[in-house]
1. For segment 38-110, give me every one of the helices (runs of 4 or more DSSP H) that falls completely inside it and has 2 or more residues that are touching a Pro at 6+ places or on another chain (Cβ under 9 Å) and modelled with pLDDT under 85.
2. Go through segment 86-130 and give me each residue that's exposed (fewer than 14 other Cβ atoms within 10 Å of the Cβ), within 15 Å of the chain's Cα centre (by Cα) and among the β-branched types (Val, Ile, Thr).
3. Out of (1) under 25 Å from residue 65 (Cβ atoms); (2) open to solvent by 90 Å² or more (accessible area, probe 1.4 Å), what's the single condition that is false for residue 83?
4. Going through segment 79-120 one residue at a time, which ones are of a type in the set (Gly, Ala, Ser) and farther than 16 Å from residue 5 by Cα?
5. Any residue in segment 22-29 that is at pLDDT 80 or above and within 21 Å of residue 73 (Cα to Cα)?
Amino acid sequence: AYLFTTFILLRVYWWLRGNHHARSGTPFVWRASWWRAVVAQFVQYFRAARGRVDIGHNALAGATYAAFFALAIFQMLTGFALFSQVNRGGFWDRLTGWVIPLLGGPYQTQMWHHLAAWGFVVFIILHVYIVIYDSRLLGNGLVDAMISGYKFYQKGDSGSE
């Protein structure tokens, strides 16, 4: 749990302090253009056709990562709340002890925590599938870029001009 929390905090730091690629895909839910981009990405995946290619994360990836971080926060809160039962009145009990009564007791909290863990399993499976799918469909070396650092773009791809 501590390692997971550390990695989530490092990713949030990188999102805040990194370059524009570290912030790409940020969900601008208040913008109609962002929602159009999410729908366009869904359509592109279902058509299996090359559409708009983004240098960083696309809008759909941004929405997915926002859901991932919400799930991660929920997982951390429920996990540390369950851990707080070992030391009543201690640090974690004061910080997250309110979660257990909110969710209906320790058993329900543990069940929600377990269900959220399955959400990560589903995320990982879909994430690996979409990365490989994108790499094959777009031919941009997405998987190769994780090792070599080089991606391939065609004229007209977002940010490649």
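The values are calculated or read from the model by the stated rules, or taken from the named source; none is laboratory data. None of these values were measured; they are calculated from a predicted model. Quick reminder, even Gly has a Cβ in these numbers, built from the backbone with ideal geometry, and neighbours come from all protein chains shown. Each accessible area value is taken on the protein alone, full model and side chains, heavy atoms only, with ligands, DNA and RNA left out. Shrake-Rupley method; radii C 1.70, N 1.55, O 1.52, S 1.80 Å.
1. Details: elements: 59-83, 91-96, 99-103.
The helices (runs of 4 or more DSSP H) meeting that bar are 59-83.
2. Within segment 86-130, 121, 122, 124, 125, 128 qualify.
3. (1) is the only condition that residue 83 fails.
4. Here is the first cut: in segment 79-120, the residues of a type in the set (Gly, Ala, Ser) are 79, 81, 84, 89-90, 97, 104-105, 116-117, 119.
Once the filter is applied, which keeps residues that are of a type in the set (Gly, Ala, Ser) and farther than 16 Å from residue 5 by Cα, segment 79-120 yields 89, 90, 97, 104, 105, 119.
5. So far as segment 22-29 goes, no, none of its residues is at pLDDT 80 or above and within 21 Å of residue 73 (Cα to Cα).
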